[in-house]
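The values are calculated or read from the model by the stated rules, or taken from the named source; none is laboratory data. Quick caveat: nothing in here was measured; it's all calculated off a predicted structure. Cβ placement follows ideal geometry from the backbone for every residue including glycine, while neighbour counts extend to all protein chains displayed. SASA here: full protein model, heavy atoms, side chains in, ligands and nucleic acids out. Shrake-Rupley method; radii C 1.70, N 1.55, O 1.52, S 1.80 Å.
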Amino acid sequence: MEKIQHSHVQVQGLKLHVAQIGTGPKVVLFLHGFPEIWYSWRHQMIAVANAGFRAVAFDCRGYGLSDHPPEPEKANFNDLTDEVVALLDSLAIDKAFLVGKDFGAFSAFMVAVTHPERVLGVITLGIPFLIPGSLGIQLDLLPKGFYVTRWAEPGRAEADFGRFDVKTVVRNIYILFCRSELQVAGDNEEIMDLVDPSTPLPPWFTEEDLDVYATSYQNSGFRNALQVPYRCIQLDCGITNPKVIAPSLLIMGEKDYVMKFPGMEDYMRKGIVKQFMPNLDITFMPEGNHFVQEQLPEQVNELILTFLNKNSST
């Protein structure tokens with residue numbers, strides 16, 4: 001961990017916090033989800049660097065130690081797509097492998113569709129091909145108390161989270177989202193109420209890890225994190241007839257709650273997703289949950305390195 005180098009890089013008028021390790025000619029760019037930051041890729045960054053790749057991870061705008069955009073309430077996924085490409089430009093990286101998890105997968109897919117010349121390959125964790133808008137999550141098929149619907153409502157998550165300190169909020173989210181059940185609140189409760197305060201952290205997530213995340217969100221707050229992804233996930237991103245032509249890998253934990261989304265399992269297991277990603281391989285991890293890269297890092301690292309080595313010969 002101490003060998004990971006940190007800097008701030010000017011990208012589209014914002015200073016983004018960037019973490020890097022390794023000096024190989026092939027670059028792997030990691031894209032985090034919520035409630036994460038660059039740190040969620042710590043195990044993978046070290047592994048790919050040790051295998052001869054250059055690993056880069058960053059805090060998205062409004063997350064961690066990166067600047068907030070001037071108007072967070074107007075932020076959307078197109079901004080993140082542009083941000084990824086602009087970051088590659090700022091770091092003088094022509095092409096990269098993209099590794100995305102949670103909403104970071106949306107960014108990976110969008111960059112691969114709109115800028116295929118910049119992408120060597122795509123690996124996503126927990127999210128098969130989805131992009132904001134009509135090809136995204138079908139919220140109308142999910143219960144009305146589902147967390148995405150609740151947090152999309154301006155002010156609701158702020159009031160829910162505001163009852164607790166930041167560390168407790170992050171703790172609750174990790175406990176809640178590593179379960180295999182959908183996070184659905186009843187009419188008279190909020191999402192944070194679904195966690196029993198006496199529940200311990202999962203064994204793969206230490207108090208020291210929690211401190212890193214809590215310190216980060218104490219700095220950034222949740223304002224931008226609620227806008228992207230939750231409050232712009234239904235906005236059409238303007239992409240029609242999308243197709244990812246790059247070699248791709250989906251790593252899916254079978255105990256990831258995303259598996260419970262209506263139609264999601266058939267979408268993956270019956271190969272329907274391959275109409276958008278014809279060069280996709282899918283690996284299911286029987287014990288994997290939504291945070292599989294932190295939960296089972298050695299297994300995930302092996303899958304990532306196998307893919308990278310297979311697709312680095314050119």
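Does A19 fit the bill of being within 25 Å of I131 (Cα to Cα), without any contact (Cβ under 8 Å) to a residue 60 or more places away in the chain, in a strand (DSSP E or B) and open to solvent by less than 20 Å² (accessible area, probe 1.4 Å)?
Numbers: within 25 Å of I131 (Cα to Cα): no; without any contact (Cβ under 8 Å) to a residue 60 or more places away in the chain: yes; in a strand (DSSP E or B): yes; open to solvent by less than 20 Å² (accessible area, probe 1.4 Å): yes.
Answer is no for this residue.
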Completion exercise
Exactly one of V244, V258 is among the β-branched types (V, I, T) and closer than 24 Å to V119 by Cα, and that one is V244
Fill in the blank from the handout: Residue hits (segment 157-201; closer than 20 Å to L296 by Cα, surrounded by fewer than 16 Cβ atoms within 10 Å (Cβ to Cβ) and in contact with a Phe, Trp or Tyr (Cβ under 8 Å, 6 or more places away or on another chain)) are S180, E181, L201
Handout entry: Every pair of residues 6+ apart whose Cβ atoms lie under 9 Å, when the first sits in segment 232-249 and is free of Cβ contacts under 8 Å to residues at least 12 places away in the same chain while the second is of a type outside the set (A, V, I, L, M) and open to solvent by 100 Å² or more (accessible area, probe 1.4 Å)
Key = none
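Would you be able to say whether some residue in segment 216-225 is touching a helix residue (DSSP H, G or I) at 6+ places or on another chain (Cβ under 7 Å), surrounded by fewer than 16 Cβ atoms within 10 Å (Cβ to Cβ) and part of a helix (DSSP H, G or I)?
First pass over segment 216-225, keeping only residues touching a helix residue (DSSP H, G or I) at 6+ places or on another chain (Cβ under 7 Å): 217-218, 222-224.
Of the ones still in play, those that are also surrounded by fewer than 16 Cβ atoms within 10 Å (Cβ to Cβ) are 218, 223.
Subset that is part of a helix (DSSP H, G or I): 218, 223.
So far as segment 216-225 goes, yes, one or more of its residues are touching a helix residue (DSSP H, G or I) at 6+ places or on another chain (Cβ under 7 Å), surrounded by fewer than 16 Cβ atoms within 10 Å (Cβ to Cβ) and part of a helix (DSSP H, G or I).
Every residue, every condition in (1) outside any helix (DSSP H, G or I); (2) of a type outside the set (V, I, T); (3) at pLDDT 95 or above, yes or no:
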residue	(1), (2), (3)
M268	no, yes, yes
K274	no, yes, yes
F284	yes, yes, yes
H290	yes, yes, yes
E294	no, yes, yes
E302	no, yes, yes
T314	yes, no, no
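Residues are listed down the side, and each one gets a yes or a no for (1) of a type outside the set (A, V, I, L, M); (2) touching a Gly at 6+ places or on another chain (Cβ under 7 Å); (3) modelled with pLDDT of 95 or more:
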position	(1), (2), (3)
L135	no, no, no
F146	yes, no, yes
A157	no, no, yes
V170	no, no, yes
Completion exercise
Considering residues that are without any contact (Cβ under 8 Å) to a residue 40 or more places away in the chain and either open to solvent by less than 10 Å² (accessible area, probe 1.4 Å) or touching a helix residue (DSSP H, G or I) at 6+ places or on another chain (Cβ under 7 Å) (or both), the number found within segment 283-306 is 3
Practice task
Given the conditions (1) surrounded by 17 or more Cβ atoms within 10 Å (Cβ to Cβ); (2) in a loop (DSSP other than H, G, I, E, B); (3) among the hydrophobic types (A, V, I, L, M, F, W, C), report the number of the one that L235 does not fulfil.
Solution key: (1)
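When you go through I93, I131, I123 one by one, which is the residue that is outside any helix (DSSP H, G or I) and surrounded by 24 or more Cβ atoms within 10 Å (Cβ to Cβ)? Give the derivation first.
Working: I93 fails: surrounded by 24 or more Cβ atoms within 10 Å (Cβ to Cβ); I131 fails: surrounded by 24 or more Cβ atoms within 10 Å (Cβ to Cβ).
Selected residue: I123, the only one of I93, I131, I123 that is outside any helix (DSSP H, G or I) and surrounded by 24 or more Cβ atoms within 10 Å (Cβ to Cβ).
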Handout entry: Hits in segment 54-70 (condition: of a type outside the set (D, E), more than 15 Å from E36 (Cα to Cα) and not in a strand (DSSP E or B))
Key = H68, P69, P70
Exercise for the section: State which residue pairs qualify: first residue among the polar types (S, T, N, Q) and inside segment 186-203, second residue modelled with pLDDT of 95 or more and surrounded by 14 or more Cβ atoms within 10 Å (Cβ to Cβ) in any location, beta carbons under 8 Å apart, and separation of 6 or more residues or different chains. Expected result: T199/I175
Practice task
Report whether or not R54 is surrounded by 19 or more Cβ atoms within 10 Å (Cβ to Cβ), charged (D, E, K, R) and more than 17 Å from the chain's Cα centre (by Cα).
Solution key: yes
